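Everything below concerns the one structure shown next.
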Amino acid sequence: MRGDRREHAVLTRSLRRVAIYGAMLGSMLLAALFLIAWNGWDFGHSLFSHLCHQKSERCFVFGASHLAVCSRCIGIYFGMTGGCAIAWLQAKKVFTLNPWVGMIMGISAIANLLDFGFEWFGIYQNAIWTRALLGQLLGMSLVLFVLLRSPYRMDRKEEEAASMRLPERG
């Protein structure tokens with residue numbers, strides 16, 4: 001039992017590090033995207049061309065030119081950065097998977113697929129903000145789904161102690 005707690009503490013610290021690094025790298029990526037657009041640098045579009053279709057009518061305009069990624073991709077990047085920040089701020093809480101996170105991830109994936117499919121078949125024309133918000137929801141739920149998973153199973157007393165932020169008694 002004590003070994004399980006020690007393994008869980010190591011896992012929690014590791015997941016927090018991943019969340020910190022994810023939030024920092026995501027922030028740097030977003031800053032680079034906005035800096036590239038602000039200055040109108042062309043290399044940014046070639047750099048991100050392997051990740052995004054970059055259709056100008058689906059990209060936000062910032063500064064001198066369009067962002068190097070579409071609104072859905074920028075939403076996903078914002079969502080992933082925000083999800084890492086949320087997971088990192090869960091300082092004293094236990095990293096366990098809440099069933100709602102998986103359900104929200106499934107709903108957001110289905111919503112993105114429906115949005116894509118409806119536009120593909122010409123049923124409706126979606127807006128740039130719709131794509132960005134759906135991408136943000138998908139990115140955030142994906143990161144939280146991955147980071148908040150834990151193989152450690154707590155008993156009821158440990159759950160209550162973690163939720164009340166009380167130190168465990170040996």
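The values are calculated or read from the model by the stated rules, or taken from the named source; none is laboratory data. In this text the structure is predicted, and so the values were computed from the model without any measurement. Positions of Cβ are backbone-derived with ideal geometry, glycine not excepted, and every protein chain shown enters the neighbour counts. Accessible surface areas use protein heavy atoms only, side chains included; no ligands, DNA or RNA. Shrake-Rupley method; radii C 1.70, N 1.55, O 1.52, S 1.80 Å.
Numbers below:
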item	result
Residues satisfying the stated conditions in the stretch 65-102, i.e. modelled with pLDDT of 75 or more and out of contact with any helix residue (DSSP H, G or I) (no Cβ under 8 Å at 6 or more places or on another chain)	Leu89
Single residue of Arg6, Arg13, Arg72 found to be under 15 Å from Leu147 (Cβ atoms) and of a type in the set (D, E, K, R)	Arg13
Members of the stretch 45-70 that are touching a Leu at 6+ places or on another chain (Cβ under 9 Å) and under 17 Å from Leu138 (Cβ atoms)	Val69
Lone qualifier among Phe43, Phe48, Phe62 - being under 20 Å from Gly135 (Cβ atoms), open to solvent by 70 Å² or more (accessible area, probe 1.4 Å), modelled with pLDDT under 90 and not polar (S, T, N, Q)	Phe62
Only one of Ala68, Ala23, Ala32, Ala37 that is aliphatic (A, V, I, L, M) and part of a loop (DSSP other than H, G, I, E, B)	Ala68
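Quick grid of which residues meet (1) under 29 Å from Ala19 (Cβ atoms); (2) touching an Asp or Glu at 6+ places or on another chain (Cβ under 7 Å); (3) assigned to a helix (DSSP H, G or I):
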residue: Leu47; (1), (2), (3): yes, no, yes
residue: His53; (1), (2), (3): no, no, no
residue: Cys73; (1), (2), (3): yes, no, yes
residue: Ile104; (1), (2), (3): yes, no, yes
residue: Phe118; (1), (2), (3): no, no, yes
residue: Ile123; (1), (2), (3): no, no, no
